[in-house]
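Student: One structure, pasted below without further comment.
Derivation of every value follows stated rules applied to the coordinates shown; laboratory data play no part. On a predicted model such as this, the values are computed, not experimentally measured, just so you know.
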Amino acid sequence: MKITTTILIALATCSAHAATIIGFEAESGALGSEYSTGADGTALGGTYIEHINDAFPFGANQPNTDSFTVSYDLNLAAGTYDVYVKMRFPSNGEDSFFIATNFGDTDPTVTADWLKIENIPAYGTYGGISEFTWSNPLAATLTTTGGPVTWEIGAREAGNDIDAFAFVLTGESVTATDLDNAVIASIPEPSTTALLGLGGLALILRRRK
């Protein structure tokens, strides 16, 4: 059983077109060792995550080890949510990855607990996209009674980059701009980040006295 040490993500809930959107950056989770981050000015917040290697054995139907997973600590209102992803992948079609079909610390070896995401309609079939693009809702819904939850994704094929995710209450209509704005609103302001850093420094200096 994996022990998650992720700090609870501060999420943004945006109301647009009567929609409730919880957006967050892909790199805001606890990344397994088979993931790395990359910098790109076209990504929301300027950073994204990528799979380093293919899951082993290749063609697996689950991540197999925690090193191939990313864990997110979220705080959601009660309801059933659709999941959107903003990503890009090369023309060789290596677009697949896994999402956990339930909330909680998901066993990476249990196939039934993971959904393979590939050939996303918004991107076409093996066509490749060079820009970060939001998907249509992925083929899964997740239901929660509300409050803090853990949700995970898993690596399958190397070569695709994931920028952000968004949870939208099922049945509500959203645009790519709505999703972007929800993620952007969840990114701490530079001034907030600086204040947190100063607070930590003050605490260290106090302890040294």
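Student: What whole number of Å gives the distance from the Cα centroid of region 126-189 to the Cα centroid of region 19-81?
Tutor: Each part's Cα centre sits 10 Å from the other's.
Student: Under a 5 Å amide H to amide H cut-off, with H placed in plane at 1.01 Å, what residues pair with ASN160 once short-range neighbours are removed?
Tutor: Result for ASN160 returns HIS51.
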